[in-house]
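**Q** Starting off with a structure, shown below.
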Amino acid sequence: IMVLTDPEFESSVLISSDEGSSYQKYRLNFFVLSLLFHHTQEDWALAYSHDQKLYSSFDFGRKWQLVHERSQSHLISISHPIIIFLSFLTTDCQYVTCRAQACSESSRTYPFSGYIETNSLVVQDEYVFVQVTTTGRASYYVSYQREPFVRIKIPKYSLPKDMHIVSTDQGQVFTAVQEWNQNDTYNMYISDTRGVYFTLALENVRTSRGLGGNSMIDLYEVAGIEGMLIANRKVENQVKTYITYNKGRDWRLLQAPTTDLAGNPIHCVLPFCSLHLQLQMSENPYLSGSISTKSSAPGVIVATGNIGSELSYSNVAMFISSDAGNNWRQICEEEHNVWFLDKGGALVAVKQPTVPTRHLWISFDEGRQWTRHSFSAMPLFVDGVLVEAGAENQIMTFFGHFSHRSEWQLIKIDYKSIFTRRCTEGDYQTWHLHNQGEPCIMGQKQIYMKRRPGNYCMVGWDNSRILSAEPCICRAHDFECDYGFERRGDGNCLPAFWFNPSTLSQSCSQGQNYLNSTGYRKVVANNCTKGVKEMYTARKQQCPNRPPRGLVLTTHDDKLTANMGSNVTFLVRLEEGDSMRTNIQLDFGDGTAVSYSNLSWTQEGIRHVYRSAGIFRVTVQAENSLGFDTSSLYLHVTCPVEHIQLLAPYVVIKNKEVNLTAVVWPSHFRTLTYFWWLGNNTEPIITLDSSVSHTFSTEGMVTITVQVSSGDSILQDTRSIAIQEFFKSLLLSFSPNLDEANPDIPEWRQDVGRVIKKAVLQVSGNLFYPSCHSLSFPEILVNALNQISVEFELKPGSRVIVYITQLTLAPLVDSIPRHSSSAMLMLLSVVFLGLAVFLIYKFKRKIPWINIYAEVNHEKEQEMISTVGQNDTTPKITLSEFSTQKELREKEYGMNLPSF
């Protein structure tokens with residue numbers, strides 16, 4: 001025995017090994033919110049704490065170990081024939097499975113690559129259900145007897161918006177699916193034994209909203225009789241009640257009573273008029289709801305309903321059937337809650353809680369006669385009734401209140417005195433289950449024992465039981481349509497338009513056998529034998545040798561993007577073909593490929609790591625002696641963009657096309673999207689290429705911004721350029737000691753640019769001269785540079801000399817980035833009303849024996865600059881190799897420069 005202490009005082013468990021005679025306390029370092037014990041290993045338990053942690057114990061709670069932090073309260077103990085597994089759900093909705101006694105991170109498995117939908121986990125009997133949504137479409141998976149998950153197969157174009165598991169009784173799954181074109185109705189589907197293949201059982205079942213906002217489906221499973229269900233179906237905007245005796249294979253309307261409560265005849269002719277029942281279960285577990293049945297009283301159904309052309313919630317009455325829905329009688333004109341007493345041997349009825357009452361009514365003849373009894377001196381609003389179980393306990397407890405302001409009242413009733421004796425064999429009679437005279441229900445004739453109506457004897461335990469169950473000869477109504485087949489007007493099951501019945505599983509290998517469906521399958525739990533069984537049952541046939549067809553290539557997570565350097569798992573699926581005799585070749589698109597002798601080697605997926613970014617065409621080919629099939633996908637492999645640099649000339653000529661280039665790091669090949677904002681344009685130019693050409697038609701300063709989109713991140717860089725009618729540029733060079741001090745960062749180039757400007761001002765006197773000046777600014781500067789007069793001190797003991805390289809027209813800015821440490825400085829003179837100086841810094845190919853530098857843009861920029869000396873092919877010179885001033889003048893200044 002285990003007892004939990006009150007967590008408000010302490011967190012402990014009290015354990016008794018002597019049936020409660022003594023207890024030993026074990027303190028816990030967590031507060032238990034819920035417990036789950038293993039169904040076979042009684043000492044094994046899982047505990048879920050208030051702080052969302054999962055613990056396990058293998059000695060009945062004496063010692064606990066932490067399994068996982070941030071888990072959900074869904075605890076699933078999963079049994080394996082040899083090893084015991086446990087499964088749980090993390091707070092971020094990842095499904096995790098591991099060995100119960102060794103649940104370390106390395107030993108855990110994740111059946112789903114992504115996340116399952118919140119609150120979609122359903123554990124019911126031998127089935128576990130989850131929902132996974134990818135690319136906006138929901139997929140549902142089932143695990144039968146805790147085996148690996150398999151995707152649920154429902155008709156192809158159902159496209160469910162919502163799914164509810166209604167029942168997992170009798171070894172199959174009943175589910176309600178709201179399809180893409182439904183709003184207030186659901187379609188009912190029924191599965192095979194494993195819960196994988198579903199076929200349509202009933203269309204357009206009515207739904208309503210409960211008090212908590214959850215969907216309430218008007219489907220009721222009758223207790224005590226296998227295969228019997230009642231549903232409210234919407235037909236041409238009218239809701240009608242239907243009943244089935246073979247798990248949805250066939251449905252019919254309910255025949256209304258022939259007389260009312262007063263004995264007057266009722267004229268109600270099918271299908272225009274029938275009995276309709278309210279099928280809502282009570283959200284209060286201590287009230288009976290609008291319909292009641294009990295497994296110990298098979299065939300007895302008590303419900304609220306109406307007679308007419310459709311279901312109504314006005315002018316309702318109470319109805320009862322004693323023969324499993326074949327015949328109905330009206331028992332009262334007002335709604336009542338009805339409970340079964342004495343294992344179904346008696347019925348007790350009480351008015352709805354909205355009306356106070358002092359009386360209850362009891363019937364011993366299945367509602368034909370009722371006797372009234374008083375249970376309270378004052379009228380009581382009955383909020384609930386608890387009927388205690390047990391052969392010797394005939395206790396019924398009423399609880400409610402006398403008024404809305406009064407306290408709770410409990411009234412306990414011992415109804416043993418109303419029985420005169422215990423029932424004997426002579427008090428029972430046989431009852432044959434049937435469907436409108438048809439004795440074969442679910443493939444067998446069933447005879448029950450039940451108490452004779454009107455006998456005031458106590459039933460005890462053996463109220464009603466199956467006396468005999470004789471198998472029937474199989475007939476057509478014992479078989480439903482198989483998956484992929486639909487029932488037509490003539491009752492035959494034919495393939496749906498989307499289903500190819502000749503398709504064989506790829507696991508069917510030559511020399512093996514498979515079951516070839518006839519379009520029918522026997523209703524689960526149906527016990528018929530012989531007859532048409534052989535005609536409708538799937539036939540065993542040999543697997544033929546087939547060419548591969550329906551080859552599909554996907555990634556494990558169904559995504560077409562991946563990060564560079566990460567593992568990408570490819571899945572290969574073959575709809576048709578011999579998987580054991582089909583060769584698989586997979587080309588990853590990056591120059592590597594793999595080959596497998598058969599498809600079985602690829603079941604766990606094929607993993608590959610891409611070492612570079614780009615768009616790769618991944619192709620798979622399946623081939624055998626009869627043919628081949630191919631499939632491909634385009635995988636975008638990216639890595640995060642860390643830097644972007646906009647390369648553009650600082651001065652361009654008006655009405656002349658200019659190239660703009662964005663350089664990103666790390667480099668990508670057509671995996672990015674570029675947004676170009678040019679001047680005052682309100683809409684960007686969008687390209688996949690990193691370059692764009694544009695013509696500016698107006699003079700002045702223009703701002704250019706480029707943004708690069710990579711995944712969910714966006715980076716940008718901005719430049720300002722001058723648009724002029726005409727300008728000339730002067731290319732400068734520097735002594736090599738400047739190269740040695742270059743750390744290749746924007747701030748350093750900005751500082752050097754300011755120093756160069758200052759050095760130029762010292763020798764030229766000004767950077768602005770009127771056009772009438774006798775000596776133009778370029779001549780002054782050229783003379784100063786020719787005389788080796790422009791220099792500056794980089795640091796103590798290190799002076800940098802500025803030389804002239806060449807004089808050109810138009811911008812000397814190279815728009816193609818080159819990873820070299822050299823750069824250039826241009827002094828641009830614009831000949832109009834005055835002269836101006838522009839200092840431009842940019843990558844430029846290194847000229848042999850000369851190091852070239854330039855100034856950094858004065859605006860802050862986001863770029864990646866390669867370090868000095870990365871290119872081993874670039875010539876390197878030392879100070880001793882640097883030409884003297886005389887040699888420089890002979891080499892450089894001896895050139896014929898164009899005149900200003």
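The values are calculated or read from the model by the stated rules, or taken from the named source; none is laboratory data. If you're wondering where the values come from, they're calculated on a predicted model, not measured in any experiment. Don't worry about glycine lacking a Cβ; one is built from the backbone with ideal geometry, like all the others, and counts go over all protein chains shown.
**Q** If you check residue 611 against the conditions, is it surrounded by fewer than 15 Cβ atoms within 10 Å (Cβ to Cβ) and touching a Gly at 6+ places or on another chain (Cβ under 6 Å)?
**A** No, not satisfied.
**Q** Say whether the condition of being part of a loop (DSSP other than H, G, I, E, B) and within 22 Å of residue 226 (Cα to Cα) is met by at least one residue in segment 270-278. I'd like the intermediate steps shown before the answer.
**A** Taking segment 270-278 as the starting set, the residues that turn out to be part of a loop (DSSP other than H, G, I, E, B) are 270-273, 278.
Checking the rest, the ones that are also within 22 Å of residue 226 (Cα to Cα) come to 278.
Yes.
**Q** Can you list residue pairs whose Cβ atoms sit under 6 Å apart, with the first residue in segment 594-609 being under 16 Å from residue 548 (Cα atoms) and the second being among the aromatic types (Phe, Trp, Tyr)? Count only pairs 6 or more apart in sequence or on different chains.
**A** Hits for this filter: 602/596.
**Q** With the requirement that a residue be part of a loop (DSSP other than H, G, I, E, B) and surrounded by fewer than 16 Cβ atoms within 10 Å (Cβ to Cβ), what does segment 532-556 give you? Steps first, answer last, please.
**A** Looking only at segment 532-556, we keep the residues that are part of a loop (DSSP other than H, G, I, E, B), and these are 532, 537-538, 543-548, 556.
The answer is 532, 538, 544, 545.
**Q** I've got another one for you. Would a scan of segment 463-485 turn up a residue that is in contact with an Asp or Glu (Cβ under 9 Å, 6 or more places away or on another chain), over 27 Å from residue 582 (Cβ atoms) and either among the basic types (Lys, Arg) or at pLDDT below 85 (or both)?
**A** Checking segment 463-485: at least one residue is in contact with an Asp or Glu (Cβ under 9 Å, 6 or more places away or on another chain), over 27 Å from residue 582 (Cβ atoms) and either among the basic types (Lys, Arg) or at pLDDT below 85 (or both).
**Q** Being over 25 Å from residue 282 (Cα atoms) and surrounded by fewer than 17 Cβ atoms within 10 Å (Cβ to Cβ) is the filter here, so list the residues in segment 159-195 that pass it.
**A** Of everything in segment 159-195, those that are over 25 Å from residue 282 (Cα atoms) and surrounded by fewer than 17 Cβ atoms within 10 Å (Cβ to Cβ) turn out to be 159, 161, 171, 180, 181, 193.
**Q** Answer yes if at least one residue in segment 19-41 is touching a residue at least 40 places away in the same chain (Cβ under 8 Å), of a type in the set (A, V, I, L, M), under 22 Å from residue 67 (Cα atoms) and surrounded by fewer than 16 Cβ atoms within 10 Å (Cβ to Cβ), and no otherwise.
**A** yes
**Q** Take residue 274 and tell me if it is over 41 Å from the mean Cα position of the chain (by Cα), crowded, with 19+ Cβ neighbours inside 10 Å and modelled with pLDDT of 95 or more.
**A** The answer is yes for residue 274.
**Q** List the strands (runs of 3 or more DSSP E) inside segment 330-442, counting only whole elements, that have at least 1 residues being over 30 Å from residue 529 (Cα atoms), over 47 Å from the mean Cα position of the chain (by Cα) and without any contact (Cβ under 8 Å) to a residue 60 or more places away in the chain. Step through it out loud before you land on a result.
**A** Working: elements: 336-341, 346-351, 359-363, 371-374, 381-387, 395-401, 409-414, 428-432.
Qualifying strands (runs of 3 or more DSSP E): 346-351, 359-363, 371-374, 395-401, 409-414, 428-432.
**Q** Output the residue which, of all residues in segment 688-699 that are touching a strand residue (DSSP E or B) at 6+ places or on another chain (Cβ under 6 Å) and part of a loop (DSSP other than H, G, I, E, B), is nearest to residue 664 (Cα to Cα).
**A** 690
**Q** Just name the residue that is farthest from residue 111 (Cα to Cα) out of those in segment 578-625 that are among the charged types (D, E, K, R) and in contact with a Phe, Trp or Tyr (Cβ under 9 Å, 6 or more places away or on another chain).
**A** 590
**Q** Can we say residue 213 is part of a loop (DSSP other than H, G, I, E, B) and within 16 Å of residue 242 (Cα to Cα)?
**A** No: the conditions fail for residue 213.
**Q** Check whether at least one residue in segment 557-565 is among the hydrophobic types (A, V, I, L, M, F, W, C) and buried (at least 16 other Cβ atoms within 10 Å of the Cβ), and report yes or no.
**A** So far as segment 557-565 goes, yes, one or more of its residues are among the hydrophobic types (A, V, I, L, M, F, W, C) and buried (at least 16 other Cβ atoms within 10 Å of the Cβ).
**Q** Check off (1) at pLDDT below 95; (2) surrounded by 15 or more Cβ atoms within 10 Å (Cβ to Cβ) for residue 491 and give me the number that stays unchecked.
**A** (2)
**Q** Now a separate question. From the list 82, 78, exactly one residue is in a loop (DSSP other than H, G, I, E, B) and modelled with pLDDT under 80. Which is it?
**A** Testing whether each residue is in a loop (DSSP other than H, G, I, E, B) and modelled with pLDDT under 80 leaves just 82.
Matching residues to (1) in a strand (DSSP E or B); (2) acidic (Asp, Glu); (3) farther than 30 Å from residue 794 by Cα; (4) without any contact (Cβ under 8 Å) to a residue 60 or more places away in the chain:
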| residue | (1), (2), (3), (4) |
| --- | --- |
| 667 | no, no, yes, yes |
| 671 | no, no, yes, yes |
| 677 | yes, no, yes, yes |
| 686 | yes, no, yes, yes |
| 701 | yes, no, yes, yes |
| 705 | yes, no, yes, yes |
| 714 | yes, no, yes, yes |
| 719 | yes, no, no, no |
| 732 | yes, no, no, no |
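**Q** Criterion first (within 20 Å of residue 338 (Cβ to Cβ), surrounded by fewer than 22 Cβ atoms within 10 Å (Cβ to Cβ) and of a type outside the set (Asp, Glu)) does residue 204 satisfy it? Full working, then the answer.
**A** Numbers: within 20 Å of residue 338 (Cβ to Cβ): no; surrounded by fewer than 22 Cβ atoms within 10 Å (Cβ to Cβ): yes; of a type outside the set (Asp, Glu): yes.
Criteria not met by residue 204.
**Q** Of everything in segment 625-665 that's touching a residue at least 60 places away in the same chain (Cβ under 8 Å) and in contact with a Ser or Thr (Cβ under 6 Å, 6 or more places away or on another chain), which residue is nearest to residue 714 (Cα to Cα)?
**A** The selected residue is 641.
**Q** In the set 330, 394, 352, which member is at pLDDT below 90 and within 30 Å of residue 266 (Cα to Cα)?
**A** Being at pLDDT below 90 and within 30 Å of residue 266 (Cα to Cα) holds for just one of 330, 394, 352, which is 352.
**Q** Another question about this same structure. For segment 291-321, which residues satisfy the criterion of being part of a loop (DSSP other than H, G, I, E, B) and either closer than 14 Å to residue 255 by Cβ or free of Cβ contacts under 8 Å to residues at least 40 places away in the same chain (or both)?
**A** 312, 313, 314, 315, 316
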